[in-house]
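A quick write-up on the structure given underneath.
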Amino acid sequence: MTRHQAPKGIILEIIRMSTEDGPGIRTTVFFKGCSLSCGWCHNPESISSKPQIQWMKTGCIGCGICVETCPEKALAKTPEGITINRLLCTGCGLCTEECPTTAMELLGKKWNVQDLAYELAKDRVYFEQSGGGVTLSGGEAALQHDFCLALLKELRGRGIQTALDTCGQVSQTVLAGLLPYVDILLYDLKEIDPDKHKIFMGAGNDKILANAVFAAHFKKTHPYPKTLWIRTPVIPGTTDTVENIRGIADFIHTNLEGAVDRWELCAFNNLCRDKYQRLGMDWSFAGKDLPERSRMEELTRIAESRVSSSIVCWSGSTKLEKGGDQKSPRQTQDKSNPAHGC
Amino acid sequence: MLNSLKSEHVIKEPSGLSDRIQWLRDYYFRGTERAWNNEYTSWTTQTPWDIIYNELTFYIVPETYPLLNTLGASYLQAARPVELHPDFWNWSLPERRAWFVREVIVNYVPQEILPGDLVAGARFNVQTSLCFTKDESKAWQKLVKGKKGARAQMKWFHDHGYGNAGATSGHLIPGHERLLTIGWKGVHAELMSIYNALSNQERNGSKGDQLRAVITASTMARDLASKYKILCENLAQKEPDAQRKAELRTMAANLSHVPWEPATTFWEAVQTLWINHMLVMTDENYPGAGVSFGRADQYLYPYYEKSIRDGMPREWAKEILKCFWIHANTAYDAMIRNGNQGITAGFGQLVTLSGLGAKGRDMTNDLTYIILEVIDEMSPILEPKPNVRLHQNSPEALLDKIVDMIESSQGAPFLLNFDERSMAGMMLEARIADLSHLIHKDNVHEYAPVGCLENTMVGNDRSGTVDNNLNLLKAVELTLTGGKDLLPFCDPMTGKTEPIKQDGPLTPGASSFKTWEDFWKAYAVQTKYIIKKCVDLYETSDSIRARFFPTPYLSCLVTGCAREGKDITQGGAQISLTTLEAVTYATTVDSLLAVKYLVFDRKACTMEELIAALKANWQGHEVLQALAKNRAPKYGRDDDEADSLAHLVMQLWCDETWRHKTKVTGRQFRPGMLSWNYWAGDGYVMAASADGRAKGQFLSNAICPSNGADIKGPTANTNSVGIVLGGKAADGQGDWLDYLNILPNGASHTITFNPSILRDPIHKDKFKAFLKGYTLNGGTALQINMLDPDMLKDAQAHPQDYRHLLVRITGYNAYFTTVGRELQNEVIERISHNKF
């Protein structure tokens, strides 16, 4: 491939010293664009593959330069701040270049592979000391498959451990192309019931389940990926049912047993509430509480009873309980079981 | 919900203390309510011209400037008379001073033992007469308080935003190991033999004066110990409790032996260390100012090992050390009635733990862990402050203990020093300052930090590590104006405004800079000027100290002074340097980056417009200020372009610093980066800066990125620090392994973490890996803070100062200031209760 044909990626954010996206210290690259549209998504700005702008009240000095700059007249200054007419905005980003404060921000910037890999390699020593590396997350990184593959190859060439965090809603050919360059596959299984999956995630789960089986088989028969983690978000009123956990457990037991190194139940998080507001999106989960600790423990017990229990753990924040001597997770975690510390 | 936060906020409690230690600790924290304390007592020769207060040592503490006259007068007023030796006025000044200090501490200041205490040596804070003759007093007055005297020069320097400088006490590591090994008896004998070998002419000269003074001083510890021995015997006689009686008898036996004779047991060694240490503070009339212990876990180890072999229980070693810890904290009693129980940030009796030995060996031993346990069990407690030396082969067990202590104390109750980077700096110093016979590859591992993190050698080194504190930012201001203050100085006392003068070199005016390179050239000229200005200011107080303020006792403890026949204040130490600590580094770099970005690259304004904005403190120039703050590149983000300019700034001022030596004492200047609290206070003195900072906002701290600028997180922050210090040698041939370090003194670096990073064993491992990464990529020293609810509440109130504050709650990252109030409150609540 000649240089001018080299693919460019649309990247939302690069988070360094991430301790939550796989083993060790990691740099996580959030790709823009997703093949699902989960109602509770923590990163709503990652769903659309197009660049978007957002305005943040904090930091805005009300100079109005963005309003003057916008060629589409999509911005207006109101007593509440800057409003964005999303129908007019083309995401050209001119306003974000002129904004003196960065209150107006372009979500989704173009990177070429070399520059991005150079940036990601800056924390190499921390990766090496911790058994960490780079995680490609999103959105769905595999949607930008050419760029994703080129980046994975480049990182492998530089000797950097890679993780791919995927929702599984991708073509099997693409997945097969990526897996040889992935050290750790972080694979989401959110909902076992195909109808519910369609309602909550915007698509059925046939492809996701089939790809999970494919990836597990791939892992067993190829040098890479070396590690497979399944992640299940526990979302109040949607995926947090006993039936769902049982269903996923049985799926893992029947189809993936032996290939899965960890199955993590991730508690719903509501910190992203304000992001929806900034993007002009309604969020049906805005009023939802975090799951209760006892619920997470109960679901974990159910999961443990149906698959090899050493692979199961849960993570995340739970609802704050008033008045009681609520123990933090670390005080109750069994330290003898390393998988419990995720 | 939030109202109750503060009281519920989890605070570390002491644990595992014996009744004895619990009582002593509780008693200490009763502060001014205590019947006993270690408050200054002052002592006079009773001459009408007597002077007690040596104000030079406070020139680096701007908060004391308005108090200098009051303090001087009040010590005189409260002073008690000392009956002088009949020959007193026939002696030289160092002899008078040596005798007077010994007389006061041995025969005037009362000796006491607190209930249950296992270490003798209670009161040591004194203000003693400077022992001047009438002529000396007159000369001192003129040199210090005259119209162009040291005080006036120092005030001008500070008022105009340059910083501060002064010949300050402490900040060194005495030769404790030598004293343990040969005792004061050995020191005394050596001094006598040097004196006896002097020619008659030398004996009648200053060398003879100095040696007679140190010989007198070398008996001070012996004479004090014998007083305490009698006290212990008397107390033992009256003591009804058999166990306590036995303890007091052993203490008396110890004191009949040490510190005059070499120590033989662990208890004796600790007793020796305490008396020898506390008398440095007596001698200098200044408590705890960076009077550091060095590698106590190394030099106390042979005594510990022997005592353990002889049957001493491990817990007993801790009990003795805990008493020692209480004693060190009584240093703060000096000004106990000035509020906050006298506790200030200005002390630092630093103790060094672990670190490399010869041939790359790790020197962690059981005493390292014992001392960490003592700190852990007594915390929160302030003194002595520990600094743990880490390196590429630090044992996992040590890292585990460190991480556990950081977790339970909500932040590190110690500093961390990083050996490879630090030793590279010391090797550079050896080369540039021509000290390779004293610092070389076979002994550089014996270095230790003083005060907080200022690296020096041990027992033969005074490097004036806090003596010169220069605001590099002043050079940017002078470049913009062609050598003048940007704003006229208005005296807050008189309300008078001084006209602006051409203080610095006349560099080209703002409009004539056609390119960034033109600006940089002028900046280099102004940087040279401010360094020279600082060097000249230091000369005034350093030369006065050399002439008028001998510290003969301290001089006994530092190799070089006796052979040279010079006091340590006259440059007697074998390694006699002074350190220029650069303050405002990141603000300076960011301001230069902003000038380049705003005027030359983005062309957002002309140089004149930028100057107008700075003069107006950005009022009416908010768009430009926002560009400077948010769009101009910043140091601390692992951004190659910003960090390469940062490295140039570093190289420039370091090269210039090495060009200077003090005239009278011949001390070589060396570079370092520490900024104590100046970065906060001088923010009100210095004009607005081009990085978008308004006058009155904080400057940057030491080598840390500007407040809120490190938006790329701790690893990027760390990489930037390592890079500007020199990083790694491309050819692998660094000054130590492949490491380079342009700052031999070292650089203070603080990073704040979210406590959730330590929430479980797996995350603790990640944090440990970060520390190992810091060893490879980072600076010389690190202080770890943990986010606390107060900081988060401040972030709610001042979001612009906390843009970098990343909240990490499993699987989700968000900048704290971008989430809504309600969620912010929830994050605060979680952090308050360690519920992540």
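Of note:
- Estimated from helical segments only, the mean residue ellipticity of chain A at 222 nm is -8500 deg cm²/dmol, where each DSSP H run of four or more residues counts as -39500 (n - 2.57).
- Angle between chain A longest axis and helix A:145-157 axis [Cα atoms, degrees, rounded to 10]: 70 degrees
- Degrees, to the nearest 10: B:761-777 long Cα axis against longest axis of chain B: 90 degrees
- Kirkwood radius, the stretch B:313-404, all distinct C-alpha pairs, inverse of mean reciprocal distance: 14.6 Å.
- The three principal axes of the C-alpha atoms in the stretch A:52-107 carry coordinate ranges of 23, 21, 17 Å, sorted with the longest axis first.
- Of the GluC sites (Glu not before Pro) found in the stretch A:215-268, those that fall in a DSSP loop while having at most 13 other beta-carbon atoms within 10 Å are A:257.
- Rounded if a/c under 1.5, otherwise prolate or oblate - the stretch B:552-659, Cα gyration tensor axes: prolate
- Rounded to the nearest 20 debye, dipole of the protein assembly as shown from Cβ charges on Lys, Arg, Asp, Glu: 1320 debye
- Label-point gap, in nm, between residue B:88 and residue A:176 - each point 7 angstrom along Cα→Cβ: 10.0 nm
- Positive end of the dipole of the stretch A:171-263 (Cβ unit charges, origin at the Cα centre): among A:171, A:194, A:242, the Cα lying farthest that way belongs to A:171.
- Potential extension, residue B:156-residue B:442 segment - 0.36 nm per residue separation minus Cα distance: 98.5 nm
- Farthest toward positive dipole pole in the protein assembly as shown [+1 Lys/Arg, -1 Asp/Glu at C-beta], among A:40, B:743, A:11: B:743
- Taken about its Cα centre, chain A carries a charge dipole of roughly 420 debye when the Cβ of each Lys and Arg holds +1 and the Cβ of each Asp and Glu holds -1.
- Euclidean distance of C-alpha centroids, the stretch B:54-94 and the stretch A:251-299, integer Å: 69 Å
- Averaged over peptide B:757-765, the number of partner chain Cβ atoms lying within 10 Å of each residue's Cβ comes to 6.
- Charge dipole (the protein assembly as shown, unit charges on Cβ, about Cα centre) - positive-most of A:69, B:499, B:317: B:499
- Close amide H partners of residue B:670, meaning residues 5 or more places away or on another chain with modelled amide H under 5 Å apart, are B:578, B:579, B:580.
- Table column - 3J(HN,Hα) (Hz), the stretch B:485-490, Karplus curve with 6.51, -1.76, 1.60, x for Gly and Pro: 5, 6, 10, x, 7, 10
- Between the stretch B:187-230 and the stretch A:228-249, the Cα center-to-center distance that results, in Å: 81 Å
- The eigenvalues of the Cα gyration tensor, multiplied by 5 and square-rooted, give chain B an equivalent ellipsoid with semi-axes of 43, 34, 25 Å from largest to smallest.
- Shape of the stretch A:87-204, Cα gyration tensor, a/c cut at 1.5: oblate
- Counted by Cβ distance under 14 Å from residue B:60, the other residues give a net charge of -4, where Lys and Arg count +1 and Asp and Glu count -1.
- Each residue of the stretch A:215-224 is assigned a 3J(HN,Hα), and the resulting list reads 5, 5, 5, 4, 4, 5, 10, 10, x, 10 Hz, derived from the Karplus form 6.51 cos²θ - 1.76 cosθ + 1.60 (θ = phi - 60°), x at Gly and Pro.
- Virtual paramagnetic centre 7 Å along Cα→Cβ of residue B:397, amide N under 20 Å, in the stretch B:307-338: B:307-319
- C-alpha long axis of helix B:396-408 to longest principal axis of chain B, angle in °: 80 degrees
- Under 5 Å, built H, 5+ apart or other chain: amide partners of residue B:753: B:785, B:786, B:787
- Compactness of chain A - radius of gyration and Dmax, Cα, Å: 21.0, 64
- Distance between the 7 Å Cα→Cβ label points at residue A:57 and residue A:294: 3.7 nm.
- Charged side chains reduced to their Cβ positions (Lys and Arg at +1, Asp and Glu at -1) give the stretch A:52-107 a dipole of some 160 debye around its Cα centre.
- The calculated pair-distance distribution of the protein assembly as shown uses every alpha carbon pair, bins of 10 angstrom beginning at 0, and gives 2, 9, 17, 20, 19, 15, 10, 6, 2, 0, 0 percent.
- Amide H to amide H, with H built 1.01 Å from N, residue B:349 comes under 5 Å of B:290, B:385, counting only residues 5 or more places away or on other chains.
- Alpha carbon centroid spacing (whole Å) that separates the stretch A:89-164 from the stretch B:148-186: 50 Å
- Across the stretch B:505-510, computed HN-Hα scalar couplings (Karplus, 6.51 cos²θ - 1.76 cosθ + 1.60, θ = phi - 60°) run x, 7, 9, x, x, 3 Hz from first to last residue, x flagging Gly and Pro.
- Legend: calculated FRET efficiency, residue A:304 to residue B:22, from the Cβ-Cβ distance at R0 = 41 Å, rounded to 0.05, equals 0.35.
- Residue-averaged [θ]222 nm for chain B, counting only DSSP H segments that reach four residues, each worth -39500 (n - 2.57): -13500 deg cm²/dmol
- With a cut-off of 11 Å between beta carbons, the residues surrounding residue A:91 carry a summed charge of +2, where Lys and Arg count +1 and Asp and Glu -1.
- Shown is the FRET efficiency for residue B:684 and residue B:547, computed with R0 = 35 Å from the Cβ-Cβ distance and rounded to the nearest 0.05: 0.50.
- Approximate spin-label separation residue B:226-residue B:622, in nm, with each point projected 7 Å along Cα-to-Cβ: 7.6 nm
Throughout, read-outs are computed from the coordinates displayed, never taken from laboratory work. Computed from a predicted structure; not experimentally measured. Please note: Cβ atoms are built from the backbone with ideal geometry, for glycine as well, and neighbour counts cover all protein chains shown.
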